[in-house]
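Below is one structure; the comments refer to it alone.
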Amino acid sequence: MQNYFLPPRIEFGDGAIQNLGEHVRTFGCKRPLLVSDAGVINAGLLAKAIDALKASNLPSATYSDIEPNPTDLSINDGVEAYKSEACDVVIAVGGGSVMDAAKAIRLLTTHAPPLEPYYADVGGIERVRDDMPPLICVPTTAGTGSEVSQGAIITDTSFNTTDRWRKRAIVTPFNMSNIALLDPGITLGMPPALTAATGMDAITHGIEAYTATKYHPIAEGVALQALKMLSANIQKVYHDGEDVTARGEMLLGSCMAAFAFQKGLGAVHSLAHQLSTDAPIPHGVANAILLPPVMEFNFSHATEKYAEIARALGIDTSSMDTDEAGRAAIDKIRAFNRALKMPKGLGDAGLDRAKIPKLGADAMLDHCHKFNPRVCMEADMVALFEAAF
Ligand SMILES: [Fe+2]
């Protein structure tokens, strides 16, 4: 038996944030908790949400102490804010960390704390009920697509791996936001480096979702269309951040790629997840660097799919055989990395080579690689880190 979950509602368009208050009222709610972080506030984006709510005569409360890799401790504080301010709806305004934190905060407004029993690695999916307040997500970057993904990644301060806190996932279809408000105008001010990193994260989602081993033809179709839109626009938005049409294509493309990865991800994400707390290498940069070596590793197990991906990336493969077309997809990713000025390798990006054996062992604990087209062992993880170094 297969279960496929579609996002309830996606509203897309320049200025969509103006409709925030209207959406809150549609749910019959009166008191939103805005979840955000310092970067979003400094960019003036939270103010846009607050103004939109004020225009609908809706006073709101704000919890903005979300750190780049949100911990269970900040989730607890967010729940406290929701309860003490008597809120009835959660609105996330931010990137992946903010949206993931908002999902976990919303969970604990109706589920008994702590988060421990709800993590995926202890069978938490069975314990999550659909009785949570509405969640509206306003993504401020075009990359994670957390607004429609089923996962929330939380750094668990009570659970150490070899030498550090462990990132754990809460996975449930109820984590998809009730409304994803995609407003390209919100993403215009993103600096080029962040634009490139988050865009490569989205491209990695599309490629890993399309080649993941679960049977999900709906997600496969969406993944290819997402790759078309992302690859046609990533360099445009890198060079001209004010191109609102291209920003919109990136925002929708990243949302679609994240919807698609309910089919599964792959080894790139298992490896990259180890780097965000240890290196510190931004998630999208880690993905961009790791993607070509992982595609080489997977090549013999996904050749035809890589040939399809090459076409989605805009390559004319009419004179190529399947092998050549598949290889062209890998070359295209390398070309993107050069054009977007990504670091040449993980060493260049700041990784201490001595950490690789430990990180390789930890990557095996991450669930993403279970859907990788080729089975990965610990020695493979170490070899892939070395190849990307
Ligand atoms: Fe990702």
Notebook entry, point to check: Near the amide H of residue 167, under 5 Å away, which other amide H atoms are found, from residues 5 or more places off or on another chain, if H is placed in the peptide plane?
Noted result: 156
Note to self: Could you tell me the extents of region 279-343's C-alpha atoms along the three principal axes, largest first, rounded to whole Å?
What the structure shows: 41, 24, 13
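Where in region 42-135 are there trypsin sites (Lys or Arg not before Pro) that are in a DSSP coil and have at most 11 other Cβ atoms within 10 angstrom of their Cβ? Don't jump to the answer; show the numbers that get you there.
Details: sites: 48, 54, 83, 103, 106, 127, 129; in loops: 129.
Sparse-neighbourhood loop trypsin sites (Lys or Arg not before Pro): 129.
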Check: So who's got an amide H within less than 5 Å of the one on residue 265, skipping anything under 5 residues away but keeping other chains? H placed 1.01 Å off N, in plane.
Finding: 371
Next item on the list: Using θ = phi - 60° and the Karplus relation 6.51 cos²θ - 1.76 cosθ + 1.60, list the HN-Hα couplings for region 43-60 in order, rounded to whole Hz, with x at every Gly or Pro.
Entry: 7, x, 7, 5, 4, 4, 5, 4, 4, 5, 5, 4, 4, 9, 6, 10, x, 10
Notebook entry, point to check: In whole angstrom, and with the biggest value first, how far do the Cα coordinates of region 220-331 range along each principal axis?
Noted result: 37, 36, 26
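Anything over 27 Å Cα to Cα? Flag those among 167/370; 30/263; 103/305; 83/103; 228/358; 214/341, in the order listed.
30/263; 103/305; 228/358; 214/341
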Note to self: For the chain, what does the relative contact order come out to in percent, with C-alpha contacts under 8 Å and a separation of six or more?
What the structure shows: 15
Checklist line | Long-range Cα-Cα pairs in region 192-388 (distance over 24 Å), rounded percent | finding: 34
Note to self: Springs between alpha-carbon pairs under 10 angstrom, Gaussian network model over the chain: which of 37, 321, 100 fluctuates most?
What the structure shows: 321
Check: For the pair residue 244 and residue 30, how long in nm is the line joining their label points, each one 7 Å along Cα→Cβ?
Finding: 3.6
Next item on the list: Express in whole angstrom the spacing between the alpha-carbon centres of region 246-321 and region 178-195.
Entry: 20
Next item on the list: Whenever you get a sec, compute what percent of the accessible area on region 10-187 sits on carbon and sulfur atoms (1.4 Å probe).
Entry: 52
Notebook entry, point to check: Hey, what's the chain come to in accessible area per residue, 1.4 Å probe, Å²?
Noted result: 39
Notebook entry, point to check: For the chain, what proportion of DSSP beta bridges, expressed in % and rounded to the nearest 5, is antiparallel?
Noted result: 30
Check: Given labels modelled 7 Å from the Cα in the Cβ direction, how far is it in nm from residue 42 to residue 296?
Finding: 3.7
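The values are calculated or read from the model by the stated rules, or taken from the named source; none is laboratory data. Remember, predicted model here, so these are calculated numbers, not experimental data. With ideal geometry, Cβ positions are generated from the backbone for all residues, glycine too; neighbour counts draw on all protein chains shown. Just so you know, the surface numbers come from the protein's heavy atoms only, side chains and all, with ligands and any DNA or RNA stripped out. Shrake-Rupley method; radii C 1.70, N 1.55, O 1.52, S 1.80 Å.
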